[in-house]
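See below for the structure under consideration.
The values are calculated or read from the model by the stated rules, or taken from the named source; none is laboratory data. Note that the structure is a prediction, hence the values are computed from the model and not measured. Here the Cβ is made from the backbone with ideal geometry for all residues, glycine too, and neighbour counts use every protein chain on show.
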Amino acid sequence: MKKVKCHKCGQYHDWDAVEVVFKYPKKYFDISEDERSHRVKTNDEICIIDGSAYYLRGLLPFVTTVDHKKKYCWGVWIRVNEETYKVIYDNWDLEDQSHLTGLKGYLANEIAFYKDTLDKDVKIVLTGNETRPEFYFTMDKRLMKIQSNKLDESDLIDIYHYHFKN
Ligand SMILES: [Zn+2]
């Protein structure tokens, strides 16, 4: 844990607290609370809506120049098709999943800080049975560029303020 003095508000922020986590896919919040119990099946890793829309939880990683923190990760959900869902589900407990390549999905959250991220194509990289899958933008040039840029300390603070301390 490392605290850093903020260039925006002058307070100290905890690096471990600056990552943004979406608890569910956006679609989940579109469904009224009354209906969720019979339309949504979900746990920490998977969400299935109406028995036909499959969602997977994972990380959208960014490299940072902040040395004690190798990656900044947004905690997000993606939508996958049934076939992809089955491949991932069937191999869930495999320690080495590196042979499972070419998997794709669509981001299922709107990251307001970047705007217009919902339904954007991502590549899925499975990282083993102990760690969450990683997602990388593939088709949208703007988002690909954003994800390939390294985040510095000031970027992390901007994200933190945008999402938590407006
Ligand atoms: Zn601040």
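Okay, residues lined up against (1) within 15 Å of Glu134 (Cβ to Cβ); (2) of a type in the set (D, E, K, R); (3) within 16 Å of the ligand (Cβ to nearest atom):
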{"residue": "Tyr12", "(1), (2), (3)": "no, no, yes"}
{"residue": "Trp15", "(1), (2), (3)": "no, no, yes"}
{"residue": "Pro25", "(1), (2), (3)": "no, no, no"}
{"residue": "Phe29", "(1), (2), (3)": "no, no, no"}
{"residue": "Thr42", "(1), (2), (3)": "no, no, no"}
{"residue": "Ile49", "(1), (2), (3)": "no, no, no"}
{"residue": "Glu82", "(1), (2), (3)": "no, yes, no"}
{"residue": "Gln97", "(1), (2), (3)": "yes, no, no"}
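Return the pairs, sorted by first residue and then second, in which the second residue is within 8 Å of the ligand (Cβ to nearest atom) and at pLDDT 85 or above, the first residue lies in segment 7-22 and is over 25 Å from Gly58 (Cβ atoms), the beta carbons are less than 8 Å apart, and the residues are 6+ apart or on different chains.
His7/Ile157; Lys8/Ile157; Lys8/His161; Cys9/His161; Tyr12/Cys6
Can you tell me which residue within segment 113-166, out of those that are within 15 Å of the chain's Cα centre (by Cα) and within 16 Å of the ligand (Cβ to nearest atom), is modelled with the lowest pLDDT?
Per the criteria, the residue is His163.
Cβ contacts < 9 Å: first residue under 21 Å from Lys70 (Cα atoms), restricted to segment 152-166; second residue charged (D, E, K, R) and within 9 Å of the ligand (Cβ to nearest atom), any location; separation 6+ or different chain. Result?
Ser154/Lys8; Ile157/Lys8; Asp158/Lys8; Tyr160/Lys8; His161/Lys8
I'm trying to understand the selection: among the residues of segment 99-117, which are closer than 17 Å to Asn129 by Cβ and either in contact with a helix residue (DSSP H, G or I) (Cβ under 9 Å, 6 or more places away or on another chain) or touching a residue at least 40 places away in the same chain (Cβ under 8 Å) (or both)?
Leu100, Leu103
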